[in-house]
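Worksheet: one structure, shown below.
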Amino acid sequence: MAVNEQDFLAAYDPSAFPAVAVTADVVALTIREAALHLLLIRRGGQPYAGHWALPGGFVRPDEDLAAAARRELAEETGLGGERLNRVHMEQLASYGTPDRDPRMRVVSVAHLAFAPDLPDAAAGTDAEEAEWVPVTELTSRQLAFDHRRIVDDGLERARAKLEYTPLATRFLPAEFTIGDLRGVYETVWGHALHAGNFHRKVLSVPGFVESTGASTERGGSRGGPRARLYRAGDARLLHPALLRPAREETAR
């Protein structure tokens, strides 16, 4: 005889299965002083006390994964309310190697977050300090758990998404110049781009940006005409894509 769901759940024993905990870790990126920065915290307790790590923690019983990631980001940046809502956040990947955490079996669901002008870091209750670290200096930091792998995956995701989505505009204020946009691409990709070619490519992608009809108040640092101001368009995908220089050479 088939058992109905109510009776099945009444007799179900979760302790018959190995315990697995879930954490949410955040690869948070922003551009500060024309350089790509990653948010890191120095762990205040064991395991890996004193090591640098991504902001993150255990998912609470009453929250979903995205809420846990946003809570962890808010704790380390002081962001809240509408400013936190403007941060782009997406699920990156899941990491579940059995021995990745010495305490118990822990599966991490990592998230990628980025936004312009994120505030100075402020360590939460379980961290000694928090810091925005230039990505170019990451090799000097010893990261806890498997966070080096997660960071590498997050950086590659961010770089790739700039190729085929308009998310570069999320690093910028509401109005920006094509030069500002090029600066984001150069910073995230780590490559200098030809100004004229980039300008042409951006304006050839339908819905990538749209003109505000306004211009900057003054010309560039070397004089010249004032630059036109743009805002993000309504495109969700870039077609044609803006390929990274190395991939563009391969595609030819």
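The values are calculated or read from the model by the stated rules, or taken from the named source; none is laboratory data. Worth saying up front: this structure is predicted, and the values here are computed from it rather than measured. Positions of Cβ are backbone-derived with ideal geometry, glycine not excepted, and every protein chain shown enters the neighbour counts. Note: accessible area is taken over every heavy atom of the protein model, side chains too, but ligands, DNA and RNA are not part of it. Shrake-Rupley method; radii C 1.70, N 1.55, O 1.52, S 1.80 Å.
Restrict the check to segment 80-93 and report whether at least one residue is farther than 15 Å from Val151 by Cα, more than 17 Å from the chain's Cα centre (by Cα) and either surrounded by 15 or more Cβ atoms within 10 Å (Cβ to Cβ) or at pLDDT 95 or above (or both). No, segment 80-93 contains no residue that is farther than 15 Å from Val151 by Cα, more than 17 Å from the chain's Cα centre (by Cα) and either surrounded by 15 or more Cβ atoms within 10 Å (Cβ to Cβ) or at pLDDT 95 or above (or both). So, in segment 135-149, exactly how many residues are surrounded by 13 or more Cβ atoms within 10 Å (Cβ to Cβ) and either more than 23 Å from Ala246 (Cα to Cα) or of a type outside the set (A, V, I, L, M) (or both)? The total comes to 8.
Elements of the type helices (runs of 4 or more DSSP H) sitting completely within segment 131-212 and holding at least 2 residues that are within 20 Å of Asp25 (Cβ to Cβ), modelled with pLDDT of 95 or more and not acidic (Asp, Glu): these cover 147-164. Could you please let me know if Leu229 is assigned to a helix (DSSP H, G or I) and open to solvent by less than 90 Å² (accessible area, probe 1.4 Å)? In short, no. Residues that are touching a residue at least 40 places away in the same chain (Cβ under 8 Å) and open to solvent by less than 30 Å² (accessible area, probe 1.4 Å) do occur in segment 14-23, at least one of them. Annotation note: of Glu76, Glu72, Glu90, the sole residue that is among the acidic types (Asp, Glu), in a strand (DSSP E or B) and closer than 24 Å to Leu155 by Cα is Glu90. Annotation: Asp234 fulfils all but one of (1) of a type outside the set (Ser, Thr, Tyr); (2) part of a helix (DSSP H, G or I); (3) at pLDDT 95 or above; (4) open to solvent by 40 Å² or more (accessible area, probe 1.4 Å); the unmet one is (2).
Residue under question is Arg247, and the condition is that it be in contact with an Asp or Glu (Cβ under 8 Å, 6 or more places away or on another chain), open to solvent by 50 Å² or more (accessible area, probe 1.4 Å) and more than 30 Å from Pro47 (Cβ to Cβ); does it hold? Yes, satisfied. The criterion of being in contact with a strand residue (DSSP E or B) (Cβ under 7 Å, 6 or more places away or on another chain) and in a helix (DSSP H, G or I) does not hold for Val109.
Against the test of being among the small types (Gly, Ala, Ser), touching an Asp or Glu at 6+ places or on another chain (Cβ under 9 Å) and at negative phi, the options Ala110, Ala168 yield a single qualifying residue, Ala110. Scoring Gly56 on the criteria (1) open to solvent by 30 Å² or more (accessible area, probe 1.4 Å); (2) small (Gly, Ala, Ser); (3) touching a residue at least 12 places away in the same chain (Cβ under 8 Å); (4) within 18 Å of His147 (Cα to Cα) leaves a single failure, condition (1).
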